[in-house]
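The structure appears right after this line, and notes come after that.
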Amino acid sequence: MTPQDIDPERIKYEIRLRGKTLADLAKIAGVSRQTMSIALHARASAKAEAVIAEFLQLPLNQIWPSRYDDAGRRMSVVEARAVARRVAA
């Protein structure tokens with residue numbers, strides 16, 4: 001069984017617990033608030049994902065195992081689908 005991505009609402013909750021918002025992190029990253037929000041749900045911005053992970057002090061592959069391999073390298077969409085198929089089989 002493959003680990004699941006952390007729920008986006010949980011990520012936002014953890015950010016708020018640490019005294020910041022997605023908008024605050026967007027300013028730090030130099031991206032729009034919308035980009036940060038979309039990054040929670042889709043493979044929109046590696047930069048936004050990295051800012052979130054660094055802020056939460058968690059490895060990227062722990063937050064989004066469907067997007068990052070065990071070494072923390074961002075997988076292509078094709079790679080991610082292949083991994084998902086192998087796990088489902």
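For this structure, a couple of remarks:
- Considering (1) aliphatic (A, V, I, L, M); (2) touching a residue at least 12 places away in the same chain (Cβ under 8 Å); (3) surrounded by 14 or more Cβ atoms within 10 Å (Cβ to Cβ), the lone condition that Ala44 does not fulfil carries the number (2).
- Within region 48-73, being of a type outside the set (A, V, I, L, M, F, W, C), closer than 20 Å to Ile28 by Cβ, surrounded by fewer than 17 Cβ atoms within 10 Å (Cβ to Cβ) and under 10 Å from the mean Cα position of the chain (by Cα) holds for one residue alone: Pro59.
- Residues (of a type outside the set (Val, Ile, Thr) and either surrounded by 13 or more Cβ atoms within 10 Å (Cβ to Cβ) or under 17 Å from Asp5 (Cβ atoms) (or both)) located in region 24-33: Asp24, Leu25, Ala26, Lys27, Ala29, Ser32, Arg33
- Within region 74-89, being surrounded by 15 or more Cβ atoms within 10 Å (Cβ to Cβ) and outside any helix (DSSP H, G or I) holds for Arg74, Met75.
- Positions within region 52-73 being in contact (Cβ under 8 Å) with a residue 24 or more places away in the chain and charged (D, E, K, R), in sequence order: Arg67
- Checking Ala44 against (1) touching a helix residue (DSSP H, G or I) at 6+ places or on another chain (Cβ under 7 Å); (2) of a type in the set (A, V, I, L, M, F, W, C); (3) not in a loop (DSSP other than H, G, I, E, B), the condition it does not meet: (3)
- In region 15-33, the residues that are closer than 19 Å to Ile63 by Cα and either polar (S, T, N, Q) or in contact with a strand residue (DSSP E or B) (Cβ under 9 Å, 6 or more places away or on another chain) (or both): Thr21
No value in this document is a laboratory result; all are computed from the given coordinates. Keep in mind that what you see is a predicted model, and the values were worked out from it rather than measured. As a convention, Cβ positions derive from the backbone with ideal geometry for all residues, glycine included, and neighbour counts pool all protein chains shown.
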